[in-house]
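The structure appears right after this line, and notes come after that.
Derivation of every value follows stated rules applied to the coordinates shown; laboratory data play no part. Quantities reported herein were computed from a predicted structural model and do not represent experimental measurements. Because the Cβ atoms are built from the backbone with ideal geometry, glycine has one as well, and the counts that use them run over all protein chains shown.
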Amino acid sequence: MSADVRIATADDARAIAEIHVASWQEGYRGQLPDSYLKSLSADARETRWAQSLRDGASVLLVEHAGKPLGFVSYGPSRDDDAPETGGEIYGLYVHPHAWSTGKGQQLHDGALAALGASGSTVVTLWVLTSNDRAQRFYSRHGWQLDGATKVVELDGVTLSEVRYKRALDPLPTPSAL
């Protein structure tokens, strides 16, 4: 199944919100309270995504035959200990119906290419310690735990996250071309 990756626009906010909610409800089942997962709203997320995209958020969308299947958001690292050339993948989500089809890898590779083109030399991301599926995905794609952890509070639930890091290959200089 061939798919296209493109830059998302504010017009994609509804599709992104629906993917976001569906992937959380399926992917975080057993990791987050069912009451929280059931309360997630594509309407509320659509409003936030539309504003983020209008504000210039970097988001790639993967689609097949014009149907959005997943997205990745990325940009400069938000970590206090990040180097000046640090980038971060903020979130990568694929609709559960498209899991294990290569769409996540397409988004992953697209985000790394965009971050590298913008000057990032190292990229990080955060994963719930309970999210074995995501940890396996990132480990398969060359990411390594770097020892950093954090605790976040989500709707009264305390969650632990671990940080993964990956160096980016430097872009060739014009003289090397």
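Considering only region 54-75, state which residues are outside any helix (DSSP H, G or I), more than 13 Å from the chain's Cα centre (by Cα), surrounded by fewer than 19 Cβ atoms within 10 Å (Cβ to Cβ) and not acidic (Asp, Glu).
56, 64, 65, 66, 67
Name the residue that is nearest to residue 108 (Cα to Cα), counting only residues in region 21-53 that are of a type outside the set (Ser, Thr, Tyr) and in a loop (DSSP other than H, G, I, E, B). Let's see the steps before the verdict.
Looking only at region 21-53, we keep the residues that are of a type outside the set (Ser, Thr, Tyr), and these are 21-22, 24-27, 29-34, 37-38, 40, 42-46, 48-51, 53.
If we keep only those that are in a loop (DSSP other than H, G, I, E, B) as well, we get 30-31, 33, 40.
On the way: 30: 25, 31: 23, 33: 28, 40: 25 Å.
Per the stated criteria, the residue is 31.
Give 123, 152 a once-over and let me know the one that is closer than 24 Å to residue 57 by Cβ, without any contact (Cβ under 8 Å) to a residue 12 or more places away in the chain and not in a helix (DSSP H, G or I). Full working, then the answer.
Details: 123 fails: without any contact (Cβ under 8 Å) to a residue 12 or more places away in the chain.
Step by step, each of 123, 152 is checked, and only 152 is closer than 24 Å to residue 57 by Cβ, without any contact (Cβ under 8 Å) to a residue 12 or more places away in the chain and not in a helix (DSSP H, G or I).
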